[in-house]
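The values are calculated or read from the model by the stated rules, or taken from the named source; none is laboratory data. Note that the coordinates shown come from a computational prediction; the quantities given were computed from them, not determined experimentally. With ideal geometry, Cβ positions are generated from the backbone for all residues, glycine too; neighbour counts draw on all protein chains shown.
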């Protein structure tokens, strides 16, 4: 281990950490290290994906019934605003 980190925890996190140390029979530092490794790993995966890749599975799944909504969205939006004004 190369470095040491000191943090202050709010009461709710302290209680949760203490409960985990008893339940898992691990040191507090081990649990915090595991949590950081998991968080960094998950965040790293999110950074590497492009926004397009995250929504590609949703594209084309919703239909508005308006065939040219993508091209004429401004016109439809203006009509809707005028109706409710």
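Summary of values
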item: Residue 5 vs. criteria modelled with pLDDT of 85 or more and part of a loop (DSSP other than H, G, I, E, B); result: yes
item: Residue count for segment 24-60, restricted to those that are over 21 Å from residue 7 (Cα atoms), part of a helix (DSSP H, G or I) and more than 21 Å from the chain's Cα centre (by Cα); result: 1
item: Residues (touching a helix residue (DSSP H, G or I) at 6+ places or on another chain (Cβ under 9 Å) and surrounded by fewer than 11 Cβ atoms within 10 Å (Cβ to Cβ)) located in segment 20-57; result: 27, 46, 54
item: Tally, over segment 61-75, of residues that are assigned to a loop (DSSP other than H, G, I, E, B) and surrounded by 10 or more Cβ atoms within 10 Å (Cβ to Cβ); result: 3
item: Candidates 74, 25, 33, filtered to the one that is modelled with pLDDT of 90 or more and on the phi > 0 side of the Ramachandran plot; result: 25
